[in-house]
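Written below as structure tokens is the structure these notes are about.
The values are calculated or read from the model by the stated rules, or taken from the named source; none is laboratory data. All values reported here derive from a predicted model rather than from experimental measurement. Positions of Cβ are generated from backbone atoms using ideal geometry, with glycine treated the same way; all protein chains shown enter the neighbour counts. SASA here: full protein model, heavy atoms, side chains in, ligands and nucleic acids out. Shrake-Rupley method; radii C 1.70, N 1.55, O 1.52, S 1.80 Å.
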Amino acid sequence: SPPPSPPPSPPPSPPPPSPSSVTPVLLGQAVNFAILTKSGITNLGNPLSSITGNIGVSVTIEAIVGFDVVADGTRLFSTSLQVTGAIYSTSDAVPTPAMLVAAYSDLEAAYDDAALRAPSNTCAGLANSSECLNVNGGYIGGVAFKAGTYKWASFVELMSDITIMGSASDLFIFQIGGYLSVGDGVQVMLVADGDRGAPKASNIVWQIDTYVEAASSSHLEGVFLCKTYAVLGGGSSLNGRLLTQGETTLGGLVTINGLPPSPPPPPSPPPSPSPPSSPPNPPPRPPPSPPPSP
């Protein structure tokens, strides 16, 4: 008789989740701001900065300095020639103060969410690291990052350009246990990896346990969630948001392109009706009439 068949092989284990499976950090109402801080926003020097997007402080209007603020006639917000958007403070009329309380609460919740994410298991895109933990000891100039969650126990310094590489749908979270320092003229560059577009600044989150300081003429990309404060040097630029639990200082001639809020996802189409399993039976035909009697 033929030998018995070997038992079937067990199904292969599913592959581990890829770094691109990181879920977004939701900003809530803080998504409506290019700059949102707890204690103040200051623009230093005579050179005008240019901010596209709303800015706000969860204190009175006196905490916004160097912007030549003009109250709107509705008293719900203020304006400035340096801001393409609205300026909000607790000095504004109802309901603006309550809106600021909610937005700032969402800022804190987003910070906590980003801080608690587990780092990715592998950083295959980095030649010098098998884990997304303390890459290069915090000296990350010259590194090309692919999608995932990265964590440093202490400071991070960028003294030369870095690359964030991936597609328009990839997500990146950088968790920094100390400060982030960016050198003069250093650039954060977004580069497409394939034909699905380059990474988006709205999909890049920097969670910083203390502060970020970017020197003059530097360029940053992403959403910056800072526990204390943020400083952008003269002539620097940001494509993204500054959301700080302290204050923000701009060195003059700073350009910030705030990101538009993400549109809601389209509604799911209604399910198609199931076709009947078999066509309905036709109604019975009446019997033929009998012939007339002779």
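Restricting to the stretch 139-157, count the residues that are touching a residue at least 60 places away in the same chain (Cβ under 8 Å) and either of a type in the set (A, V, I, L, M) or under 14 Å from Pro24 (Cβ atoms) (or both).
Of the stretch 139-157, the ones touching a residue at least 60 places away in the same chain (Cβ under 8 Å) are 146-149.
Those still in the list that are either of a type in the set (A, V, I, L, M) or under 14 Å from Pro24 (Cβ atoms) (or both) too: 147-149.
Counting residues in the stretch 139-157 that are touching a residue at least 60 places away in the same chain (Cβ under 8 Å) and either of a type in the set (A, V, I, L, M) or under 14 Å from Pro24 (Cβ atoms) (or both) gives 3.
For the stretch 35-52, which residues satisfy the criterion of being surrounded by 20 or more Cβ atoms within 10 Å (Cβ to Cβ) and farther than 21 Å from Ala98 by Cβ?
Asn43, Ser49, Ile51
Can you go through Ser129, Ser91, Ser105, Ser160 and tell me which one is modelled with pLDDT under 95 and polar (S, T, N, Q)? Let's see the steps before the verdict.
Values: Ser91 fails: modelled with pLDDT under 95; Ser105 fails: modelled with pLDDT under 95; Ser160 fails: modelled with pLDDT under 95.
None of the others qualify; the one that does is Ser129.
Does Leu133 meet the test of being aliphatic (A, V, I, L, M) and either open to solvent by less than 70 Å² (accessible area, probe 1.4 Å) or in contact with a Cys (Cβ under 7 Å, 6 or more places away or on another chain) (or both)?
The answer is no for Leu133.
Looking at (1) open to solvent by less than 10 Å² (accessible area, probe 1.4 Å); (2) touching a residue at least 40 places away in the same chain (Cβ under 8 Å), which is the one condition that is false for Val212?
Exception for Val212: condition (2).
Kindly evaluate Asp72 against the criterion of being surrounded by fewer than 19 Cβ atoms within 10 Å (Cβ to Cβ) and more than 25 Å from the chain's Cα centre (by Cα).
yes
Return only the number of the condition from (1) touching a Cys at 6+ places or on another chain (Cβ under 6 Å); (2) at pLDDT 95 or above; (3) of a type outside the set (Gly, Ala, Ser) that Ile140 does not satisfy.
Unmet for Ile140, out of (1) touching a Cys at 6+ places or on another chain (Cβ under 6 Å); (2) at pLDDT 95 or above; (3) of a type outside the set (Gly, Ala, Ser): (1).
Within the stretch 148-200, how many residues turn out to be of a type in the set (D, E, K, R), in contact with a Ser or Thr (Cβ under 7 Å, 6 or more places away or on another chain) and buried (at least 19 other Cβ atoms within 10 Å of the Cβ)?
1
Right, Asp106: free of Cβ contacts under 8 Å to residues at least 24 places away in the same chain and open to solvent by 20 Å² or more (accessible area, probe 1.4 Å) or not? Don't jump to the end; show me each part of the working.
Values: free of Cβ contacts under 8 Å to residues at least 24 places away in the same chain: no; open to solvent by 20 Å² or more (accessible area, probe 1.4 Å): yes.
So Asp106 does not fit the description; no.
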